[in-house]
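Following: one structure in structure tokens, then a few remarks.
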Amino acid sequence: MTLISQIGDFLGQEVELKGWAYNFRSSGKIFFLQLRDGSGRVQVVYSAAVLSEDQWNALQQLRIESSVTVRGTVKKDERSPSGFELDGFVFTLIQLAQEDYPISKKEHGPDFLLDHRHLWLRSERQWAVQRVRNTIINSTYTYFHEQGFMKFDTPILTPTSCEGTTELFEMDYFRNEDVQTKAYLAQSGQLYVEAGIMSFGRCFDFGPVFRAEKSKTRRHLTEFWMMDAEAAFVEHEGNMQIQEELICRIVQDVLKKNVYELRVLERDTEALRKVVAPFVHLTHQDAIKQLRDLGSDITDRDDLGADDETLLTQQYDRPIFLEKYPVEVKAFYMKRDPEHADRVLNNDVLAPEGYGEIIGGSQREDDLDTLLERMSQHHLALEPLEWYLDLRRYGSVPHSGFGYGLERIVAWICGLHHVREAIPFPRMINRLTP
Ligand code: 4AD
Ligand code: MG
């Protein structure tokens, strides 16, 4: 058996392919089958004169998404998506699909498609998105391994919140000396990755995280994949440099490895080619000034809303580092800017073309007393975070890190309107199935 992605190596030779009937049409004694096998799509051309009568009759009964085996000779064809075509001489059904394949060429609403997500994933656009996602994941692993970061797996069941308590999923299961203790689904593995780097120097995790987001927006999922990276002895500027290199690497890899997928998605690749270092740097203060000039009613110490981010990213064609937010809108673990005590040494990365925040990161507070003070300002209980405080008691060092939301990056690079298409099975406040 040969994969469609490899048939270029078999020009003029006979191959056997196995896959699904994506589409077909027939004109008299010629039958055109669009075959997909997961690795790609190719047209198989059959002529009644070549096939046995049984096989020709089987073709006449064919239905969309039936599983099939074909044999044929590989020919060059400039118009075909793979650059090749097959002159078919054997056709065998594996399973004849039922008549009522729910997804057709006609327009379906988003709810219908999401209800049939298990089948929708076979459509070429959805296939392309998940292939790009796969490249982004691989590219992330490769970049970090090249840079000496170790993969460090963090727990999903946790006794505390990382990013504040408003979006926590709670459960009652664990007992401590027969007293029920609440557990929460992780919002980010960051705090644990901080423990990791005190042993391994540079670490990253990559896994599902959970946020009980009440907002229904095109940027929010309740379950999404986050990558958290952390590095010892790296400060604010160095932290941003790592983020810049990672994002550039991801975009370059997708441009190289997903040429066909980006074409299927009709993605403007010129916009992606402009994603090169150096990215734009703006302080929160500069951004507010600029936003007000652009007509936003944002005030000095506000966090940016989605509309503000969109507006700002439309002013530049590269990603933006948005730095030094007011201390009161950010998490307890962020280190304060020594030059402006009311600001933190943090940065978000905003993706261009209106996409907005894809990364949140900061230098971490490494001084025990300052951290205790910050925790009390945030009304955080000390006991469940004693282990985290130990990291400041025993060999504390300057360190920094960041986290990216995989679906936000996929949505941006693929040019999607909504993050729900960026993950195989999206979970949102109003969607738990399939
Ligand atoms: O900015 P956030 O909340 O940062 C953290 O959780 C840090 N602990 C990360 C770190 O420093 N290691 O989330 C990080 C990223 C956001 O920039 C965004 O891309 C994504 O996670 N994100 C979401 N993606 C989809 N749906 C949601 N509800 C998201 N919330 C955050
Ligand atoms: Mg954030």
| request: Determine the pairs where a residue that is more than 13 Å from ligand 2 (Cβ to nearest atom) and acidic (Asp, Glu), located within the range 340-367, has a partner that is in a strand (DSSP E or B) and modelled with pLDDT of 95 or more with Cβ atoms under 9 Å apart, the partner being 6 or more residues away or on another chain. | output: ASP342/PRO326; ASP342/ARG336; GLU365/MET334; GLU365/ARG336; GLU365/VAL344; ASP366/HIS399
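For the range 355-384, which residues satisfy the criterion of being in a loop (DSSP other than H, G, I, E, B) and at pLDDT below 95? Step through it out loud before you land on a result.
First, pick out the residues of the range 355-384 that are in a loop (DSSP other than H, G, I, E, B): 355, 365-367, 378-382.
Residues satisfying the conditions are HIS378, HIS379, LEU380, ALA381, LEU382.
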| task | Taking CYS162 as meeting all but one of (1) within 16 Å of ligand 2 (Cβ to nearest atom); (2) at pLDDT 95 or above; (3) in contact with a Leu (Cβ under 9 Å, 6 or more places away or on another chain), write down the number of the exception. | result | (2)
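Only residues that are in a loop (DSSP other than H, G, I, E, B) and either surrounded by 15 or more Cβ atoms within 10 Å (Cβ to Cβ) or charged (D, E, K, R) (or both): list them for the range 102-112, please. Step through it out loud before you land on a result.
At the first step, the residues of the range 102-112 found to be in a loop (DSSP other than H, G, I, E, B) are 102-109.
Those that are in a loop (DSSP other than H, G, I, E, B) and either surrounded by 15 or more Cβ atoms within 10 Å (Cβ to Cβ) or charged (D, E, K, R) (or both): ILE103, LYS105, LYS106, GLU107, HIS108.
Table: residues versus (1) touching a residue at least 60 places away in the same chain (Cβ under 8 Å); (2) more than 13 Å from ligand 1 (Cβ to nearest atom).
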{"residue": "ALA183", "(1), (2)": "no, yes"}
{"residue": "GLU194", "(1), (2)": "yes, no"}
{"residue": "GLY201", "(1), (2)": "no, yes"}
{"residue": "ARG211", "(1), (2)": "no, no"}
{"residue": "ALA231", "(1), (2)": "yes, no"}
{"residue": "GLN243", "(1), (2)": "yes, no"}
| field | Residue ID - farthest from LYS256 (Cα to Cα), chosen from residues in the range 130-140 that are open to solvent by less than 10 Å² (accessible area, probe 1.4 Å) and out of contact with any Asp or Glu (no Cβ under 6 Å at 6 or more places or on another chain) | value | THR140
| query | For the range 361-379, how many residues meet the condition of being open to solvent by 30 Å² or more (accessible area, probe 1.4 Å) and either touching a helix residue (DSSP H, G or I) at 6+ places or on another chain (Cβ under 8 Å) or within 13 Å of ligand 1 (Cβ to nearest atom) (or both)? | reply | 4
| request: Kindly indicate whether TYR325 is closer than 19 Å to HIS220 by Cβ and of a type in the set (Phe, Trp, Tyr). | output: no
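Can you report the number of residues in the range 146-180 which are of a type in the set (Lys, Arg) and within 16 Å of ligand 1 (Cβ to nearest atom)? Lay out the reasoning, then the answer.
At the first step, the residues of the range 146-180 found to be of a type in the set (Lys, Arg) are 151, 175.
This time we only want the ones that are within 16 Å of ligand 1 (Cβ to nearest atom), so: 151.
Number of matching residues: 1.
Within the range 145-216, considering only strands (runs of 3 or more DSSP E) that don't extend past its boundaries, which have at least 1 residues that are of a type in the set (Gly, Ala, Ser)?
Values: elements: 170-176, 179-185, 202-210.
Per the criteria, 179-185, 202-210.
Would you mention how many residues in the range 1-30 are in contact with a Gly (Cβ under 6 Å, 6 or more places away or on another chain) and of a type outside the set (Gly, Ala, Ser)? Even if it seems obvious, please write down each step before you answer.
Initially, the range 1-30 is screened for residues in contact with a Gly (Cβ under 6 Å, 6 or more places away or on another chain), giving 4-5.
Within this subset, residues satisfying the condition of being of a type outside the set (Gly, Ala, Ser) are 4.
Result for the range 1-30: 1.
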| query | Only one of (1) within 16 Å of ligand 2 (Cβ to nearest atom); (2) assigned to a helix (DSSP H, G or I); (3) within 20 Å of the chain's Cα centre (by Cα); (4) not acidic (Asp, Glu) is not met by ARG133, so which one is it? | reply | (1)
| request: Quick one: count up the residues across the range 36-93 that are under 22 Å from ALA128 (Cβ atoms), open to solvent by less than 60 Å² (accessible area, probe 1.4 Å) and in a loop (DSSP other than H, G, I, E, B). | output: 11
| said: Quick check on my filter: what residues within the range 142-171 are touching a strand residue (DSSP E or B) at 6+ places or on another chain (Cβ under 8 Å), in contact (Cβ under 8 Å) with a residue 60 or more places away in the chain and either among the hydroxyl-bearing types (Ser, Thr, Tyr) or loosely packed, with under 14 Cβ neighbours inside 10 Å (or both)? | reply: THR154, THR160
| query | In the range 380-427, what residues are over 18 Å from MET226 (Cβ atoms), open to solvent by less than 10 Å² (accessible area, probe 1.4 Å) and of a type in the set (Ser, Thr, Tyr)? | reply | TYR388
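Any residue that is of a type in the set (A, V, I, L, M, F, W, C), at pLDDT 95 or above and part of a loop (DSSP other than H, G, I, E, B) - is there at least one of those in the range 394-401? Even if it seems obvious, please write down each step before you answer.
So in the range 394-401, the residues of a type in the set (A, V, I, L, M, F, W, C) come out as 397.
Remaining after also requiring at pLDDT 95 or above: 397.
Within this subset, residues satisfying the condition of being part of a loop (DSSP other than H, G, I, E, B) are 397.
The answer is yes; a qualifying residue exists.
Kindly provide the set of residues from the range 194-206 that are open to solvent by less than 30 Å² (accessible area, probe 1.4 Å) and on the phi < 0 side of the Ramachandran plot, ordered by number.
So the first thing to find is which residues in the range 194-206 are open to solvent by less than 30 Å² (accessible area, probe 1.4 Å), and the list is 194, 196-197, 201, 203-206.
Correct list: GLU194, GLY196, ILE197, CYS203, PHE204, ASP205, PHE206.
The values are calculated or read from the model by the stated rules, or taken from the named source; none is laboratory data. Bear in mind that the values here come from a model prediction, so they are computed numbers and not experimental data. Glycine gets a Cβ as well: all are built from the backbone with ideal geometry, and neighbour counts include every protein chain shown. Note: accessible area is taken over every heavy atom of the protein model, side chains too, but ligands, DNA and RNA are not part of it. Shrake-Rupley method; radii C 1.70, N 1.55, O 1.52, S 1.80 Å.
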